[in-house]
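What follows is a set of notes on a single structure, which appears directly below.
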Amino acid sequence: MKRTRLTLIALAAAGALTLAGCASGGGDAGGDATATPEPAPTFAEGSTMAALAEAGTITIGTKFDQPLFGLNGPNGPEGFDVEIGKIIAAELGIAQDDIEWKEAVSANREPFIQNGEVDIVVATYTINDKRKEVVSFAGPYYMAGQSILVLADNEDIADEKDLVGQPVCSVTGSTPAANLEALGAEVVLTDTYSNCLEPLRNGTVVAVSTDNVILAGLAAQNEGEFKVVGEPFTDEPYGIGLALDDTEFRMWINDVLEKAFEDGRYEAAWDATAGTVLPFIDPPAVDRY
């Protein structure tokens, strides 16, 4: 039975209600269900796909500190972004054990791609026009929205208007940080969102602001300490970053995403990871710019 599409507003509300008592799902179950390598795929000579398939390995940048999407757990990286990376690798005939995972924080995603340190980045990576000047994006594969995390007993902050003039933590090089600056908040920057939690606990900042799904994961991981408030106030389409002029590779990844949307692997990946806390929403339409 096809699931009902939920709006981002419903996503945020449902996420807030289900945070207590929930924890992020392990990556192994989703990986077993969604990313069995394809047998001996054949690609055009000289393509990135052919080179990766021949090498038998791929380097993928992802977050290591974001529960539900990208977390470096006891068995290695796990989360929804990790499962999306595994699906792409499987279509290249690359087994999960042959993926090299590299931690990609918000500030180094473009340099990693430009310098060839990674083949792709799957790391809660919002597609925007400025970034498309230096890297390409396949997708989007998920639509998030910026929201607000506060202490569980905070009754003073209800939406983004309450952040104006207030110290709010976000991450260097991120879209949310730029949005906060435009909003008029006093932006306190760090390198990873997990590093925002202690300043929130000790009152150095009044809130943490980034995508709702990231905040939901942080709240779930720290049960009873924090809550997500307000409705998402931006659209954040998550894409897969790759080299700027590699149109053939980008189009191929788009094909893989659309195939996974249809054959159940995308939903299985969600259910095994972020779906342990957040409701499923249908994937967005791929943008073949």
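Look at ALA95 and say whether it is surrounded by fewer than 14 Cβ atoms within 10 Å (Cβ to Cβ) and either assigned by TED's automatic domain parsing to the domain that holds LYS259 or on the phi > 0 side of the Ramachandran plot (or both). In short, no. Return yes or no: is LYS161 in a helix (DSSP H, G or I), assigned by TED's automatic domain parsing to the domain that holds GLU78 and charged (D, E, K, R)? It is false that LYS161 is in a helix (DSSP H, G or I), assigned by TED's automatic domain parsing to the domain that holds GLU78 and charged (D, E, K, R). Listed by first and then second residue, the pairs linking a residue in segment 174-188 that is part of a loop (DSSP other than H, G, I, E, B) to a residue that is buried (at least 19 other Cβ atoms within 10 Å of the Cβ) and among the small types (Gly, Ala, Ser), with Cβ atoms under 6 Å apart and 6 or more places separating them unless they lie on different chains, are SER174/SER106. Restricting THR204, THR273, THR175 to those that are modelled with pLDDT of 95 or more and farther than 26 Å from GLY76 by Cβ reduces the list to THR204.
For segment 108-122, filtering for residues that are assigned to a helix (DSSP H, G or I), crowded, with 16+ Cβ neighbours inside 10 Å and of a type outside the set (Asp, Glu) leaves 4.
Of all residues in segment 256-289, exactly one satisfies the criterion of being under 19 Å from PRO67 (Cβ atoms), among the aromatic types (Phe, Trp, Tyr) and either surrounded by fewer than 23 Cβ atoms within 10 Å (Cβ to Cβ) or not assigned by TED's automatic domain parsing to the domain that holds LEU71 (or both), namely PHE280. Considered as a group, the residues in segment 15-67 that are more than 22 Å from TYR238 (Cβ to Cβ) and of a type in the set (Ser, Thr, Tyr) include one that is modelled with the lowest pLDDT, and that residue is THR36. Applying the set (1) in a strand (DSSP E or B); (2) touching a Lys or Arg at 6+ places or on another chain (Cβ under 6 Å) to GLY139 leaves exactly one unmet item: (2). Just one residue in the set TYR125, TYR142 is under 15 Å from the mean Cα position of the chain (by Cα) and surrounded by fewer than 24 Cβ atoms within 10 Å (Cβ to Cβ); that residue is TYR142.
The values are calculated or read from the model by the stated rules, or taken from the named source; none is laboratory data. Remember, predicted model here, so these are calculated numbers, not experimental data. Cβ: placed from backbone, ideal geometry, glycine included. Neighbour counts: every protein chain shown.
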